[in-house]
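Reviewing the structure listed below.
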Ligand SMILES: [Zn+2]
Ligand SMILES: [Zn+2]
C-alpha cells in the first residue's frame, strides 16, 4: 500500500458570489452562495469569510465530527458574515473555533463587532448561545499570524469602504492569497495587494466587474478581472481564481469572462461552489 502524504494545501470553495446570494434562474452553475473559502493546511482548517457558503461547510464538519476551525474575516459586510449564526460547529460542545478580524472601525474588537451583528432586533440570538469554545482575535492589517506550526498568514489593508483585509497563507514552500473586496485605482499598482500575491501559486481576487462596467461602479470598493490578470502577471502568480462575482451576474456572463481572461492569462479559473484545488509541497530549491 502506498502511503500518500496529504497535499500541502487542500482548498475548497464554498461560496464565490459577492454582495448577495444567487437566486437560481441562470445563477446556479457557479453556486448561489456568498464568499467562503476553506483551506486545509498544516493540519489546520482555515476558513476565509463567513458568507452563506459557511452554512454547508458547517453541516459537513458537524457530520464528520470535525469541530475545529480558524475563521478569518476579510471584513464584516453582510455577504461575508451572514452565514456565521448558522455555522453548526458553534453550537457543538467541545468544538473550538477562533474568529479573527483586522479591520474594525472605531477601535471595536472582533467580539464587539460580532455582538453588534448578532442581536435584537436583527436576530433572536446573541453569541452567548454558542456552545463551542470561541476565541475572538483582533489584529491590525499588516500583522503576521501563525495559526499552526509551519503556517504563516500575512495580512494587508485593502481599499474598500469601511475597510477590508487581504490574506496570504504560506506553507511548505507554497503561497495562496485571498484578496477580495478591494478597489484598484486606475493607472496605479496597489503595492499591498502586489505584496500579498507575489509569486503566489493561487490568487483569489475580487473580479466583481469588468473594466467597461467600472465607470458605473467606482467607489463601491471592487475590482475587475482585467486588473486581476494584470496584477497576477506583474506578481508572477500562477493561477487566478475569479471571485466575488457581482450579484447581477448570470452564469453565461461568468463563463464568458472566464474564457476572455484565459486568453490573456491561461491560469485563470472562475470560482464556484465546490471548486477544489490542491497543492503539493514545493520541490526543494537547489
Ligand atoms: Zn463583498
Ligand atoms: Zn464589502
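The values are calculated or read from the model by the stated rules, or taken from the named source; none is laboratory data. Owing to the predicted nature of the structure, the values given are computational and were not obtained by experimental measurement. Because the Cβ atoms are built from the backbone with ideal geometry, glycine has one as well, and the counts that use them run over all protein chains shown.
Structure notes:
- Flag if residue 220 is within 16 Å of ligand 2 (Cβ to nearest atom), part of a strand (DSSP E or B) and within 21 Å of the chain's Cα centre (by Cα): no
- Within region 176-198, being within 15 Å of ligand 1 (Cβ to nearest atom) and part of a loop (DSSP other than H, G, I, E, B) holds for 180, 181, 182, 183.
- Matching option when the condition is buried (at least 19 other Cβ atoms within 10 Å of the Cβ), within 22 Å of residue 149 (Cβ to Cβ) and over 18 Å from the mean Cα position of the chain (by Cα), among 5, 95, 69: 95
- Qualifying residue in region 169-185 (condition: buried (at least 18 other Cβ atoms within 10 Å of the Cβ), touching a helix residue (DSSP H, G or I) at 6+ places or on another chain (Cβ under 8 Å), over 15 Å from residue 49 (Cα atoms) and at pLDDT 95 or above): yes
- On the stretch given as region 228-241, residues that are within 16 Å of ligand 1 (Cβ to nearest atom) and either more than 20 Å from residue 199 (Cβ to Cβ) or part of a helix (DSSP H, G or I) (or both) total 1.
- Residues that are within 15 Å of ligand 2 (Cβ to nearest atom) and touching a helix residue (DSSP H, G or I) at 6+ places or on another chain (Cβ under 9 Å), drawn from region 68-77: 73, 74, 75, 76
- The set of residues in region 16-60 that are more than 21 Å from residue 278 (Cα to Cα), in contact with a strand residue (DSSP E or B) (Cβ under 8 Å, 6 or more places away or on another chain) and surrounded by fewer than 19 Cβ atoms within 10 Å (Cβ to Cβ) comprises 20, 32.
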